[in-house]
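What follows is one structure encoded as structure tokens, with my remarks underneath.
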Amino acid sequence: MSTGTTIEAGEAAEAAIPELVIISGMSGAGRSTAAKCLEDLGWFVVDNLPPALIPTMVELGARSQGNVARIAVVVDVRGRQFFDNLRESLADLDAKQVARRIVFLESSDEALVRRFESVRRPHPLQGDGRIVDGIAAERDLLRELRGDADLVIDTSSLNVHELRAKMDARFAGDEEPELRATVMSFGYKYGLPVDADLVVDCRFLPNPHWVPELRPFTGLNEEVSGYVFNQPGAKEFLDRYAELLQLIAAGYRREGKRYATIAVGCTGGKHRSVAMTEKLAARLASEGVETVVVHRDMGRE
């Protein structure tokens, strides 16, 4: 993703512009974990850098003779007076033809409140108000940046290891695969995943919940999976959707998109969606797609 261009007027030689990732998002949503993951992958990571200094950081990297080829910058609202300069810095980077991506870490209000309460720390924007007041103020400040993000990761139900797996799937490796995918099961009664690129509805299949001997188990159980895929249309649906994903993947490649989150839903996210997610992920992996499996709502009932 690196290109060659002149950083400043008057420089005699062209310098290789580093690859740039800007990590931002909600406080408590996992920015530090995402940054640590990139650091472990060999990125040069700068935490809480004032946005006005991002172009300068890129220029310094370009002068490093390839020693700093990938830079990740964590930007948040802790320094609000500096955060206001982010839009101007992004325009400056675009003018200099810097290839940059924005990773936005998202999470539900409920999850964020729980995390702040567990560490007994105030939200950086709550002031004299409540944690939820700080969260609301931060969402308002970040709304435009979230809309510009290249990758949105909802960490509401992710643990540290699952978040690292998502970051690894997106950024690990010297060569980009044709497609890296997260296949996520979920329950509609708990809401759609906010970071889903594609949503699959499995509620057209009979629900194992109404089979007493299957109800206690999940879609990971062989009997539950067998029940689901013995239903009319289940295997055909898997085959047809896997074929459709091949078509979509080709379009993603043409548009420069290399990462997708495929959300597979049923009523509670316990039986049908879990079984379908496992089979679909296995099918994608057999076709060379690097795949991460997440069962968002399993065990939540």
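The values are calculated or read from the model by the stated rules, or taken from the named source; none is laboratory data. Not measured: the values here are computed from a predicted model. FYI the Cβ positions are ideal-geometry reconstructions off the backbone, even for glycines, and counts take in every protein chain you see. Just so you know, the surface numbers come from the protein's heavy atoms only, side chains and all, with ligands and any DNA or RNA stripped out. Shrake-Rupley method; radii C 1.70, N 1.55, O 1.52, S 1.80 Å.
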* Would you please give the residues with an amide H less than 5 Å from that of Val74, counting only those at least 5 places away or on a separate chain, with H modeled from the backbone geometry? => Ile23, Val46, Asp47, Asn48, Leu49
* To do: Run the dipole for the stretch 207-301 about the Cα centre, Lys and Arg Cβ at +1, Asp and Glu Cβ at -1, nothing else charged, and hand back the magnitude in debye, nearest 20.
  => 360
* Asked: Residues of the chain: accessible area per residue at 1.4 Å, in Å²?
  -> 49
* Asked: In whole Hz, what ³J(HN,Hα) sequence does the stretch 288-301 give by Karplus (6.51, -1.76, 1.60; θ = phi - 60°), x for Gly and Pro?
  -> x, 8, 6, 10, 10, 10, 10, 10, 4, 10, 5, x, 7, 6
* In debye, nearest 20, what is the charge dipole magnitude of the chain about its Cα centre with +1 on Lys and Arg Cβ and -1 on Asp and Glu Cβ, if you could check? => 700
* Counting other Cβ atoms within 10 Å, which GluC sites (Glu not before Pro) in the stretch 93-177 have at most 15 and lie in a DSSP loop? -> Glu175
* Asked: Considering the Cα trace of the stretch 166-301, what is its radius of gyration and what is Dmax, both in angstroms?
  -> 14.9, 49
* **Antiparallel %, DSSP beta bridges [both residues in the chain], to 5** => 10
* **Accessible carbon and sulfur surface of the chain relative to its total accessible area, %, 1.4 Å** => 49
* Which sequence of Met276, Met57, Met298 reflects their accessible areas, 1.4 Å probe, from the largest down? -> Met298, Met57, Met276
* Structure fact -> Taking the square root of 5λ for each eigenvalue of the C-alpha gyration tensor of the chain, the equivalent ellipsoid has semi-axes, largest first and in whole angstrom, of 39, 25, 14
* To do: Evaluate the relative contact order of the stretch 162-284 (contact order divided by residue number), counting alpha-carbon pairs under 8 angstrom at least 6 apart; express in whole percent.
  => 47
* Show which lysines lie in cross-link reach of Lys96 when reach means a straight Cα distance below 20 angstrom and same-chain residues fewer than eight apart are skipped. => none
* Top positive-direction residue, dipole computed over the chain with Cβ charges, set Val264, Leu214, Gly299 -> Leu214
* Using the Cα atoms of the stretch 60-131 to build a convex hull, what is its mean projected area in square nanometres? -> 7.0
* For the stretch 78-170: relative contact order, % (alpha-carbon pairs under 8 angstrom, 6 or more apart) -> 34
* To do: Could you tell me which of the pairs Lys36/Lys270; Lys189/Lys279; Lys189/Lys235 are separated by over 29 angstrom between their Cα atoms in the structure shown?
  => Lys36/Lys270
* Where does the charge balance sit around Glu106 when Lys and Arg score +1, Asp and Glu -1, over other residues with C-beta under 9 Å from its C-beta? -> -1
* the stretch 118-252 - charge dipole about Cα centre, Lys and Arg +1 at Cβ, Asp and Glu -1, debye rounded to 20 -> 620
* Give the residue from Val289, Gly187, Val45 lying farthest towards the positive end of the charge dipole for the chain; charges sit on Cβ (+1 for Lys and Arg, -1 for Asp and Glu) and the dipole is referred to the Cα centre. => Gly187
* Inter-label distance, nm, simple model (7 Å from Cα along the C-beta direction), Asp128/Trp210 -> 5.7
